[in-house]
Amino acid sequence: MAQLAKNAVLEGYKDIKMKLGIDPKKDVERVTVVREAVGNQIRIRADVNQGWGTVQLAREMLKQLEPYHLVWVEQPIAQSDRSMFCQLQNGSSIPLMADESFVTIQDLRTFGEQQSIDYLNIKLMKCGGIYPSYQFANQAALFGIQCQIGSMVESNIASAAGFHVALASENVVSTEISGPTKFSVDVGNLTYNLPFVHLEDKPGLGIDIDETVLMDISEKVEEIFEGN
Ligand SMILES: [Mg+2]
């Protein structure tokens, strides 16, 4: 992780996202070596993906991670434990982000009323597409919650839509829309020049679709289904 983080910084990244929570015993060590590798000028965020399980463990972990200046810790505890974010926030100075615990407007209302989180991770594929995601970003602002547009590792089309939502709302302070960088072939021409993405001012989502690629993909999908 430290080596990967160092490489990313050499490529020009200013923000590093770490995944934690698989083996909590090693998480503090992981953050320590990554912080040492990238120095203090790089922002580090951590996503626990519900991995710390109990409030007690999460509290302990947050306390131990305080010296490392994390921008935020994402989804430290189980998805269903929305009210437990309150208990965590009281005991820690590290900002908290909800991801798996946030899907609907009711979730946003709960977090807003409890004042229990600092950030929301909005994903178009999780939250119902462009319109609800845009609404959530603006409604979150009323509660003083800032937003990130994340992704479920989508290809060009949904990724372009995500960037449009992100840039349309002043309350979106971060994006994690990296899906297309993981595809060997993609249907559109959204251009990443890492660590940046180049967005067009063309109509619609601002991308062109290559229909031959689309046909190839649907043929391959058909073959896979026939094979099974
Ligand atoms: Mg997440």
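The table below gives the values:
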{"read-out": "Given (1) modelled with pLDDT of 95 or more; (2) in the same structural domain as Ile149 (by TED's automatic domain parsing); (3) more than 16 Å from the ligand (Cβ to nearest atom), index of the condition Val38 fails", "value": "(2)"}
{"read-out": "Leading residue by the ranking (nearest to Gly12 (Cα to Cα)) among those in the stretch 181-210 that are of a type in the set (A, V, I, L, M) and assigned to a strand (DSSP E or B)", "value": "Val197"}
{"read-out": "Positions within the stretch 43-101 being closer than 13 Å to Val31 by Cα and either within 14 Å of the ligand (Cβ to nearest atom) or of a type in the set (A, V, I, L, M, F, W, C) (or both), in sequence order", "value": "Ile44, Arg45, Ala46, Asp47, Val48, Met61, Leu62, Leu65, Leu70, Val71, Trp72, Val73"}
{"read-out": "Near pairs, Cβ below 6 angstrom, 6+ apart or cross-chain, from the stretch 82-98 (in contact (Cβ under 8 Å) with a residue 12 or more places away in the chain and over 21 Å from Pro67 (Cα atoms)) to any residue that is within 16 Å of the ligand (Cβ to nearest atom) and of a type in the set (Gly, Ala, Ser)", "value": "Arg82/Ser101"}
{"read-out": "Among the residues listed as Ser159, Ser155, Ser178, the single one being under 18 Å from Met125 (Cα atoms), within 16 Å of the ligand (Cβ to nearest atom), outside the structural domain of Arg43 (by TED's automatic domain parsing) and touching a residue at least 24 places away in the same chain (Cβ under 8 Å)", "value": "Ser178"}
{"read-out": "Residue list for the stretch 89-116, restricted to those being buried (at least 16 other Cβ atoms within 10 Å of the Cβ) and over 15 Å from the mean Cα position of the chain (by Cα)", "value": "Gln89, Ser92, Ile94, Asp107, Leu108, Thr110, Phe111, Gly112, Ser116"}
{"read-out": "Search result, residues across the stretch 45-70 that are surrounded by 18 or more Cβ atoms within 10 Å (Cβ to Cβ) and over 15 Å from Ser101 (Cα atoms)", "value": "Arg45, Ala46, Ala58, Arg59, Met61, Leu62, Leu65, Leu70"}
{"read-out": "Of all residues making up the stretch 12-24, the number that are surrounded by 14 or more Cβ atoms within 10 Å (Cβ to Cβ), touching a residue at least 60 places away in the same chain (Cβ under 8 Å) and small (Gly, Ala, Ser)", "value": "0"}
{"read-out": "Glu170 among the acidic types (Asp, Glu) and farther than 24 Å from Leu10 by Cβ", "value": "yes"}
{"read-out": "Residue count, the stretch 183-210 (criterion: exposed (fewer than 13 other Cβ atoms within 10 Å of the Cβ) and polar (S, T, N, Q))", "value": "2"}
{"read-out": "The stretch 25-44, subset acidic (Asp, Glu) and surrounded by fewer than 18 Cβ atoms within 10 Å (Cβ to Cβ), residue nearest to Tyr13 (Cα to Cα)", "value": "Glu36"}
{"read-out": "The one condition in (1) closer than 22 Å to Phe183 by Cβ; (2) crowded, with 22+ Cβ neighbours inside 10 Å; (3) not small (Gly, Ala, Ser) that Cys147 fails to fulfil", "value": "(1)"}
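The values are calculated or read from the model by the stated rules, or taken from the named source; none is laboratory data. All values derive from a computational prediction rather than experimental measurement. Reconstructed Cβ throughout: ideal geometry from the backbone, glycine too, with neighbour counts over all protein chains shown.
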